Amino acid sequence: MFRDEKYYIGGYSLINMRNRNEIRVVEAMKEILPDFPEFCGCEICLEDVYGATLNSLKPRYKHHMTIILKDEVVTDEEIDKKVKKFIKKITGNPNHPK
Ligand SMILES: [Zn+2]
């Protein structure tokens, strides 16, 4: 059984057609998290920041082969601002015992 079996339709996999914000949020988190040494960094807290940031952005789906010349809707600054906001929020109120 393939990991992405449920994404197959008519022999084609849609697994690579991802919300383009996903990788941008991961990259922003990698860059920003070292500035927040007090952040827990466990899987639950990482997923909370990732999910909360993605849910606050407009979803953007594109063909995985599409070349993006410029990003019109979500700016890097907006993503960075939201990642920082949710890191602070979850640091102060993690979804597990401190
Ligand atoms: Zn944690």
Among the residues of the stretch 40-60, write down those that are surrounded by fewer than 16 Cβ atoms within 10 Å (Cβ to Cβ), in a loop (DSSP other than H, G, I, E, B) and near the ligand (Cβ under 8 Å from one of its atoms). GLY41, CYS42
Per the filter on the stretch 8-30, residues at pLDDT below 85 and either assigned to a loop (DSSP other than H, G, I, E, B) or closer than 24 Å to LEU46 by Cβ (or both) are LEU14, ILE15, ASN16, MET17, ARG18, ASN19, ARG20
Can you run down the residue pairs with Cβ atoms below 6 Å, 6 or more apart or on separate chains, where the first is in the stretch 24-52 and under 13 Å from LYS85 (Cα atoms) and the partner is of a type in the set (Asp, Glu) and away from the ligand (no atom under 14 Å from the Cβ)? ALA28/ASP80
Does the stretch 84-93 include one or more residues that are at pLDDT 90 or above, within 14 Å of the ligand (Cβ to nearest atom) and among the polar types (S, T, N, Q)? yes
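The values are calculated or read from the model by the stated rules, or taken from the named source; none is laboratory data. Since the model is a prediction, treat every value here as computed from it, not as a measurement. No Cβ is skipped: glycine too gets one built from the backbone with ideal geometry, and neighbour counts run over all protein chains shown.
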